[in-house]
Amino acid sequence: MSRAPPPATAAALAKDRWLALRHAAVESAVAAPTLEAAFDAIRAAFAPQQVDYSNTAYGKDHWKLSCFMEYSNGVAAGRIDLAKGAPMLAACAGILGECDAAFLRWYATLHPVPRGAARALTRLQSFVTRYRPNPDETHLPRHIDGANVDGSLVLSLPTYDAFEGGGLTVWDGDGEREVFEYPLAAGDAAMLDSRVWHQSNPITAGERWVIVVFYQVRDSGGAAAAKPAAAGARAKEVRGLLARRMVNAAKRKAMAEEEEAARVTPHDGASTWTIAG
């Protein structure tokens, strides 16, 4: 499957921005041969469990496409039988370690580690999902991850039954209205900051396999790391407001200059000018 995103996504990624995008698609986050070597064990260990929700875009209240390896801080905490996911955790242990490292590298570009601090990463949830062209199994509609999730990763796995469709759509950028579409070949990963809207796109044939990880990130030690999370969130919001204010001020200045230019018109060739009005 081609890794090249659609032209509209490529153009959006190339834009100069005041604020960085809160997601990224990373090629070869995990080497494809590593995934291929583990894929038979992943398929053999796949044991999906049902998770109940109060509302979904399907109009149903459950999801049964995922084999859970780790699970906490979710709607089904305490009801997922992690013993059923133990074989999958064993099959994916090395892969999850590479996912952790890839996520930390990307996360640090968006949230630099405070000076003198140490960063700890916790996997709140990790699971393998299989999509098939059956009712309620083709995709996961637009959503954001849990309230306690600081970031997440979606890793595309190999398949023996090539699928059509699929990939990931992310809403980010200007007012979270820009649309980014990624095909995600095996080994590619999408990294998402907290509260970024996204969806897995429907498949129409074959099987699509992914590993999904929800992360919690905590910094400890160092004066900057001691700052309360709420204060950090407020500071980020203020930076965003200031950036938008600068953009709006630049737009107002440009409009004023255009209006002033429109009021000044040349007269008698070019040597004298008349101010209209």
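The values are calculated or read from the model by the stated rules, or taken from the named source; none is laboratory data. Quick caveat: nothing in here was measured; it's all calculated off a predicted structure. Positions of Cβ are generated from backbone atoms using ideal geometry, with glycine treated the same way; all protein chains shown enter the neighbour counts.
In the stretch 129-153, the residues that are of a type in the set (Gly, Ala, Ser) reach residues that are surrounded by 13 or more Cβ atoms within 10 Å (Cβ to Cβ) and outside any strand (DSSP E or B) with C-beta atoms within less than 8 angstrom, at least six apart or across chains, in these pairs: 146/73; 146/74; 151/103; 151/107; 151/194; 152/145. Residue selection: residue 209 satisfies the criterion of being buried (at least 19 other Cβ atoms within 10 Å of the Cβ), in contact with a helix residue (DSSP H, G or I) (Cβ under 9 Å, 6 or more places away or on another chain) and not β-branched (Val, Ile, Thr). Screening the candidates 256, 230 for the property of being surrounded by fewer than 18 Cβ atoms within 10 Å (Cβ to Cβ) and either modelled with pLDDT of 65 or more or more than 20 Å from residue 120 (Cβ to Cβ) (or both) yields one hit, 256. Consider the stretch 1-52 and keep the residues that are surrounded by fewer than 17 Cβ atoms within 10 Å (Cβ to Cβ), within 17 Å of the chain's Cα centre (by Cα) and of a type in the set (Gly, Ala, Ser). The one that is farthest from residue 161 (Cα to Cα) is 20. Say we look at the stretch 174-206 and pick out the residues that are in contact with a His (Cβ under 8 Å, 6 or more places away or on another chain) and not hydrophobic (A, V, I, L, M, F, W, C); which of these is surrounded by the most Cβ atoms within 10 Å (Cβ to Cβ)? Among residues in the stretch 174-206 that are in contact with a His (Cβ under 8 Å, 6 or more places away or on another chain) and not hydrophobic (A, V, I, L, M, F, W, C), the one surrounded by the most Cβ atoms within 10 Å (Cβ to Cβ) is 200.
Scanning the stretch 68-114 for residues that are farther than 26 Å from residue 220 by Cβ and of a type in the set (Val, Ile, Thr) yields 75, 80, 95.
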